[in-house]
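Data first, discussion second: the structure below is written as structure tokens.
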Amino acid sequence: MNIAIIGAGLTGLTAGLRLSQSGHKVTLYEKENYLGGLSSSVNIGSEAIDRFYHHIFVSDSEFLALIDELNINNLINWYEPKNAIYINDNLYPFTTPLDLLLFKPLSLISRIRMGIMVLCSRFINDYSTFESITAKEWIIKRSGKDVWEKVWEPLIKSKFDFDSNSISGTWIWNKLKLRGTSRGKSLNKEMLGYIDGAFKSVIDKIGEQIIKNGGNILLNKEVTKISKAEKDLFEVLTQDSKASYDKVLFTSSPTILSSVLQDSAGTDLLNLEAGKNPPSAIESPAHQPKDEENHLAHYKKSLNSIAYKANICLILELSESLSPYYWITVAQEGLPFVLIVEHTNLVGLRGYDSHIVYLSRYLDVSNPLYSAPDQCVIKKFIKGLKKVFPDIKDGIIKNITLSRAPFAQPVITLDYGKKMPAIKTPIEGLYLASMPQIYPEDRGLNYAVRLGEKAANEILENL
Ligand SMILES: Cc1cc2nc3c(=O)[nH]c(=O)nc-3n(C[C@H](O)[C@H](O)[C@H](O)COP(=O)(O)OP(=O)(O)OC[C@H]3O[C@@H](n4cnc5c(N)ncnc54)[C@H](O)[C@@H]3O)c2cc1C
């Protein structure tokens, strides 16, 4: 079978690996001139580094199994992070249960309630009752209004912007569960994994294997249209190419899928979906049966109803370290970012020649900051950084790299399970494997591997 995969992030690459291992001819289309999507990298000093900060968790079994299979498990190292929270103009250590007990912004009873909430989340598996309540209700019920208002409300607001009031209890439960399981058996010790050469090492290795298996990887090839060439064949179009495939797997956002499904004739995919022959020359789109039109329109509407938040991420190369912490969560409104991640406090200086700090902000793409000029964003972020670290001098900043991702975080709203799109689309032969299908867990490298494998399996089962 000839299979097109749209998007060469970790999901598309994993699916490509599995399908090419099963003897199918895969062609990956990637709109950027590099592989990896959100897990791609940039170069700093003599080292590659993730464009957006990444680490893995000890519970990331699918990802770990894949790097075992690729024979690069020797590249993974495990580190014990030091975490903190910035709140009320102060930095509080927040790594161990003892840190929580000593956390002054909350009353003692609130600290204990929050500790119990975090601890218990790890042992909860049935999330069905959390789906229909908001994260706010979920937290207040378990640890009180004080904990919600002081710690979680600012965090959820800065992650989900104006959608923060509709975030599901499932999302927050799962975040706490994941952090709990990353502590392994010792509750006191969280371990995070990072890979020599950045996650690019995994991405490149998968790419190599796909090519060895006879696949193609096309960079700088943005797919602009998916339509039907003749019965049972798809036509995949870019600005300068057109090719036919038996199956198509789409791995970017559902909104983009909805836009590329717009066929110029407006009918081809409808016929494919209904398992009919293409319309005759005299048959205009207006003559298509109403229920078919409704069917595709309904599917596109459901794809467009999946919202995302974008991310702006700065990589600062500094001549001095900012703090002893790897991960600083900013739980204070008014700052332009929600995270300060000092990567070199986790993995050491390596060949970077600098201390590396990421500043991360989630926001809606409609927020003017998302499309503001780089210098304007940088100025705002550095001003915020100086509020957290008033002693920082401009001279310590050697270089800044700014990256933006329009589709960075799916918005998991109430009863999300009911609206989550399936991998097998209503259009026969077209499959979707995209971050919003990771549920109840939240997006992550491990789940990208799992989703890519699941999509490949579905395609193979339906041959
Ligand atoms: C700020 C940030 C921090 C993160 N930190 C972590 C972490 O610490 N640990 C962790 O496990 N996960 C983390 N993640 C999540 C992780 O990066 C993602 O879950 C994973 O990379 C998703 O891979 P993907 O292939 O599903 O999607 P993507 O990486 O988005 O891949 C989709 C690809 O499709 C391409 N594309 C889009 N449209 C087209 C088109 N029309 N034609 C061709 N190509 C197209 C895109 O360019 C992209 O390469 C983080 C994500 C962000 C944003």
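Report, by residue number, each residue of the stretch 223-251 that is in a loop (DSSP other than H, G, I, E, B), surrounded by fewer than 23 Cβ atoms within 10 Å (Cβ to Cβ) and within 14 Å of the ligand (Cβ to nearest atom).
The answer is Thr224, Gln239, Asp240.
Step by step: first the residues of the stretch 434-444, then only those that are part of a helix (DSSP H, G or I) and buried (at least 22 other Cβ atoms within 10 Å of the Cβ), then the one that is farthest from the ligand (Cβ to nearest atom). Which residue is that? Before you say what the answer is, go through the steps one by one.
Initially, the stretch 434-444 is screened for residues part of a helix (DSSP H, G or I), giving 435-437.
From the residues that got through so far, the ones that are buried (at least 22 other Cβ atoms within 10 Å of the Cβ) too are 435-436.
On the way: Met435: 5, Pro436: 10 Å.
Here the residue is Pro436.
Examine the stretch 121-135 for a residue that is buried (at least 20 other Cβ atoms within 10 Å of the Cβ) and farther than 18 Å from Glu441 by Cβ, and state whether such a residue exists.
Within the stretch 121-135 (the criterion being buried (at least 20 other Cβ atoms within 10 Å of the Cβ) and farther than 18 Å from Glu441 by Cβ), the answer is yes, since at least one residue qualifies.
Out of the residues in the stretch 390-429 that are small (Gly, Ala, Ser) and in a loop (DSSP other than H, G, I, E, B), state the one that is nearest to Pro440 (Cα to Cα).
Per the criteria, the residue is Ala422.
Quick one: count up the residues across the stretch 200-222 that are within 15 Å of the ligand (Cβ to nearest atom), under 22 Å from Ala243 (Cα atoms) and assigned to a helix (DSSP H, G or I). Steps first, please.
Pass one, the stretch 200-222, residues within 15 Å of the ligand (Cβ to nearest atom): 200-204, 206-207, 210, 216-222.
Subset that is under 22 Å from Ala243 (Cα atoms): 207, 210, 216-222.
Right, trim to assigned to a helix (DSSP H, G or I) and you get 207, 210.
Number satisfying all stated conditions: 2.
If I ask for residues that are of a type in the set (Val, Ile, Thr) and farther than 19 Å from Gln437 by Cβ, which ones from the stretch 162-183 would you list? Walk me through it before giving the result.
Keep residues of the stretch 162-183 that are of a type in the set (Val, Ile, Thr), which gives 167, 170, 172, 181.
Of everything in the stretch 162-183, those that are of a type in the set (Val, Ile, Thr) and farther than 19 Å from Gln437 by Cβ turn out to be Ile172, Thr181.
Name the single residue, out of those in the stretch 27-43 being within 14 Å of the ligand (Cβ to nearest atom) and either among the polar types (S, T, N, Q) or over 21 Å from Ser403 (Cα atoms) (or both), that is surrounded by the most Cβ atoms within 10 Å (Cβ to Cβ).
Within the stretch 27-43, the match that is surrounded by the most Cβ atoms within 10 Å (Cβ to Cβ) is Leu28.
Are there any pairs, at least 6 apart or on different chains, whose C-beta atoms fall under 9 Å, with the first in the stretch 1-13 and assigned by TED's automatic domain parsing to the domain that holds Pro254 and free of Cβ contacts under 8 Å to residues at least 12 places away in the same chain and the second within 7 Å of the ligand (Cβ to nearest atom) and among the polar types (S, T, N, Q), and if so, which?
Taking only residues 6 or more apart or on different chains, not a single pair turns up.
Here are some conditions: (1) near the ligand (Cβ under 10 Å from one of its atoms); (2) among the polar types (S, T, N, Q); (3) closer than 16 Å to Gly12 by Cβ. Ser403 meets all but one. Which one does it not meet?
The single condition Ser403 does not satisfy is (3).
Gln209 - would you say it is surrounded by fewer than 20 Cβ atoms within 10 Å (Cβ to Cβ) and either charged (D, E, K, R) or touching a Leu at 6+ places or on another chain (Cβ under 6 Å) (or both)?
yes
Just one of (1) of a type in the set (A, V, I, L, M); (2) closer than 23 Å to Arg51 by Cβ; (3) crowded, with 23+ Cβ neighbours inside 10 Å; (4) at pLDDT below 95 trips up Leu269, so point out which.
Result: Leu269 fails condition (2) only.
Is there any pair linking a residue in the stretch 323-350 that is at positive phi to one that is modelled with pLDDT of 95 or more and assigned to a loop (DSSP other than H, G, I, E, B), with Cβ under 7 Å and at least six apart or on different chains, and which?
As it stands, the answer is none, since no pair meets every condition given.
Pick from Leu359, Leu296, Leu303, Leu314: which is part of a helix (DSSP H, G or I), crowded, with 16+ Cβ neighbours inside 10 Å and under 18 Å from the mean Cα position of the chain (by Cα)? Show your work before the answer.
Numbers: Leu359 fails: part of a helix (DSSP H, G or I); Leu296 fails: under 18 Å from the mean Cα position of the chain (by Cα); Leu314 fails: part of a helix (DSSP H, G or I).
Of Leu359, Leu296, Leu303, Leu314, the one residue that is part of a helix (DSSP H, G or I), crowded, with 16+ Cβ neighbours inside 10 Å and under 18 Å from the mean Cα position of the chain (by Cα) is Leu303.
What's the number of the condition Leu339 fails, among (1) more than 13 Å from the ligand (Cβ to nearest atom); (2) touching a Ser or Thr at 6+ places or on another chain (Cβ under 9 Å)?
(1)
Which residues, counting only those in the stretch 340-356, are part of a strand (DSSP E or B) and buried (at least 20 other Cβ atoms within 10 Å of the Cβ)?
Within the stretch 340-356, Ile340, Val341, Glu342, Ile356 meet the criteria.
The values are calculated or read from the model by the stated rules, or taken from the named source; none is laboratory data. Quick caveat, the model's predicted, so the values are computed rather than measured. Please note: Cβ atoms are built from the backbone with ideal geometry, for glycine as well, and neighbour counts cover all protein chains shown.
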